[in-house]
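Notes to accompany the following structure.
The values are calculated or read from the model by the stated rules, or taken from the named source; none is laboratory data. Please read all numbers here as calculations on a predicted model, not as lab measurements. For neighbour counting, all protein chains shown are included, and Cβ atoms are generated from backbone atoms with ideal geometry for every residue, glycine included.
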């Protein structure tokens with residue numbers, strides 16, 4: 001017996017259990033979820049693929065990636081280095097390298113970003129979608145003062161005069177808790193600390209009050225104290241402007257602190273998607289379980305930090321089957337030859353895993 005798959009299930013007076021085949025239920029739930037997401041989502045990614053032509057062959061950085069995000073929501077994309085999480089957002093912003101090829105759909109309020117011209121994308125970038133890059137030192141122009149870099153954004157995208165843009169820049173620097181903002185405008189990036197530079201990047205990304213903020217590893221180079229301040233600042237600004245945040249990270253602590261939902265990537269593919277509480281309480285995919293086991297504990301004695309054995313798959317090789325199969329303790333014969341389909345487990349989780357698809361196997365994490 002499976003419950004009604006409608007999102008109106010709980011308050012609906014006609015909702016009741018009904019008997020259908022598992023495959024039919026999964027197909028219906030997938031179609032229903034996709035329609036609901038498209039109807040309510042600010043951004044909807046469908047079957048995104050990112051490839052690069054290199055002298056050694058074609059690199060498949062992202063494979064058939066799909067997800068959506070709503071206004072005011074924080075979606076985390078988590079995975080180890082090389083999982084494709086950053087390349088997926090570079091493709092979204094039209095920042096893929098010249099040897100890259102992007103396919104699929106990225107619908108932002110119904111407009112496909114992947115089919116836009118550079119001129120159209122320039123209108124969307126900063127004005128509608130802002131981005132905080134991973135390293136503020138290399139993202140800011142070292143030869144330009146902070147004030148010029150900030151005011152230029154408003155002059156180009158909002159048509160402000162220089163005087164208006166400077167005044168607005170001072171207000172935004174104050175909003176991101178930078179002391180003496182009028183003084184900072186006349187400083188160069190190297191004169192600021194790492195935390196201050198990251199705050200400048202956040203201010204620059206929010207100047208035009210974008211609907212969507214993409215944060216690519218925004219706290220990687222910062223100490224834990226500054227990291228906590230930056231995360232608190234992002235939450236406060238999100239609440240003030242109702243901004244959706246797409247957070248790219250490999251730090252599960254940041255995910256727990258910031259995200260409403262989480263998408264786990266490995267080998268360029270989506271492994272699991274879940275609300276944050278469920279992901280940490282009941283991780284379903286073996287890779288997600290491995291990530292969580294590797295987090296150091298402050299309550300248990302851990303003489304040796306747990307790791308996931310083996311190495312990530314090479315993006316140069318066209319792999320068949322599950323990309324995690326060689327490192328998975330639960331792999332089946334079909335994991336070698338057949339790529340698992342993304343399927344819903346319940347109303348909160350979806351995964352791509354043949355092991356979970358076996359009805360005779362209980363939750364993997366309980367037997368780990």
Would a scan of the range 332-341 turn up a residue that is within 30 Å of residue 234 (Cβ to Cβ) and surrounded by fewer than 17 Cβ atoms within 10 Å (Cβ to Cβ)? no
Can you tell me which of 162, 123 is in contact with a helix residue (DSSP H, G or I) (Cβ under 7 Å, 6 or more places away or on another chain) and more than 23 Å from residue 234 (Cβ to Cβ)? 162
I'd like to verify a number: residues in the range 144-175 that are outside any helix (DSSP H, G or I) and either without any contact (Cβ under 8 Å) to a residue 12 or more places away in the chain or in contact with a strand residue (DSSP E or B) (Cβ under 7 Å, 6 or more places away or on another chain) (or both), how many? 3
Going through (1) free of Cβ contacts under 8 Å to residues at least 60 places away in the same chain; (2) touching a strand residue (DSSP E or B) at 6+ places or on another chain (Cβ under 9 Å); (3) not in a loop (DSSP other than H, G, I, E, B) one by one, residue 119 fails only at (2)
Give the residue that is surrounded by the most Cβ atoms within 10 Å (Cβ to Cβ), with candidates limited to residues of the range 256-276 that are part of a helix (DSSP H, G or I) and at pLDDT below 95. 258
Taking the range 122-142 and keeping residues closer than 27 Å to residue 179 by Cα and free of Cβ contacts under 8 Å to residues at least 12 places away in the same chain leaves 138
Among (1) under 25 Å from residue 257 (Cα atoms); (2) modelled with pLDDT of 90 or more; (3) more than 21 Å from the chain's Cα centre (by Cα), the one test that residue 327 misses: (1)
Restricting to the range 285-299, name every residue that is crowded, with 19+ Cβ neighbours inside 10 Å, over 19 Å from the mean Cα position of the chain (by Cα) and assigned to a loop (DSSP other than H, G, I, E, B). none
Would you call residue 178 modelled with pLDDT of 90 or more, closer than 19 Å to residue 208 by Cα and not in a helix (DSSP H, G or I)? yes
Considering each of 238, 198, 187, 229 in turn, give the residue that is surrounded by fewer than 20 Cβ atoms within 10 Å (Cβ to Cβ), in contact (Cβ under 8 Å) with a residue 24 or more places away in the chain and touching a helix residue (DSSP H, G or I) at 6+ places or on another chain (Cβ under 6 Å). 187
Name, by its number, the condition in (1) within 23 Å of the chain's Cα centre (by Cα); (2) in a helix (DSSP H, G or I) that does not hold for residue 220. (2)
